[in-house]
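Notes follow the structure.
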Amino acid sequence: MSPETGPSSLPSETGSRPGWRTWLSVTAGVAYPFLVYGLLAWGHPSLGMAPATLLFLPPLCINLGLAWVFGRTLAPGREALITRFARLETPRPDVAVLAYTRRLTWVWVVFFVVMAAISATLAASGAREAWLWFTAVGNYLCVAALFAVEYAYRRRRFPSNATVSPRQQIQMLRAALRNQRR
């Protein structure tokens with residue numbers, strides 16, 4: 001990676017701490033399964049069966065929504081979402097990288113569909129403790145594992161390409177999203 005396209009060329013604000021919206025989203029995402037479990041465990045009488053079932057839907061909808069966000073970019077004539085991310089690092093990736101990023105976008109689509117299926121299966125089976133741990137911990141660990149495995153694979157697959165660290169990738173993505181909002 002050249003200095004012109006690397007993270008050092010990003011504005012200094014990229015190193016800033018996440019804003020209150022980010023912290024609120026993370027806190028809500030982590031707290032949600034525990035709140036649901038508490039409501040279900042205490043069996044609050046006003047909860048009823050239908051609202052209790054609806055409590056299991058957000059993790060399912062989030063995973064399916066993410067699968068849709070990634071998947072819609074795979075339509076003919078569209079640029080795959082991971083390719084867009086790769087262009088933040090290298091504006092003109094070679095053909096092999098373009099093919100790789102398109103396949104990787106498919107991997108993320110399948111991954112999110114599988115995560116949704118696991119969440120739905122655990123919720124439907126009544127395995128509340130398993131659902132809780134999967135949605136509060138397991139799903140996040142699986143995302144982190146896929147990031148780590150993909151990063152290691154990419155470094156071996158494209159050794160001649162200078163690869164930025166995952167932290168730098170997140171900073172680059174945050175900067176691009178911030179610039180897009182302006």
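Here, each number is a calculation from the coordinates, and none is a lab measurement. This one's a predicted model, so the numbers in the text were calculated from it and none came from an experiment. Note that we place each Cβ from the backbone using ideal geometry, even for glycine, and neighbour counts take in every protein chain shown.
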Q. Which loop-located chymotrypsin sites (Phe, Trp or Tyr not before Pro) does region 93-182 contain, where loop means any DSSP state but H, G, I, E or B and the Cβ has at most 12 other Cβ atoms within 10 Å?
A. none
Q) What whole-number value in cubic angstrom gives the convex hull volume per residue for the C-alpha atoms of region 17-181? A) 141 Å³
**Q.** All-pairs alpha carbon distance profile, region 81-178, 5 Å steps from 0, percent
**A.** 2, 11, 18, 21, 16, 11, 9, 7, 3, 1
**Q.** Calculated from backbone phi, Karplus (6.51, -1.76, 1.60) coupling profile of region 65-71 in Hz, x at Gly/Pro
**A.** x, 5, 4, 5, 4, 6, x
**Q.** Separation of the Trp23 and Ser165 label points, Cα + 7 Å toward Cβ, nm
**A.** 2.3 nm
Q. Out of residues 5 or more away from Leu55 or on other chains, whose amide H comes under 5 Å of its own, with H placed 1.01 Å from N in the peptide plane?
A. none
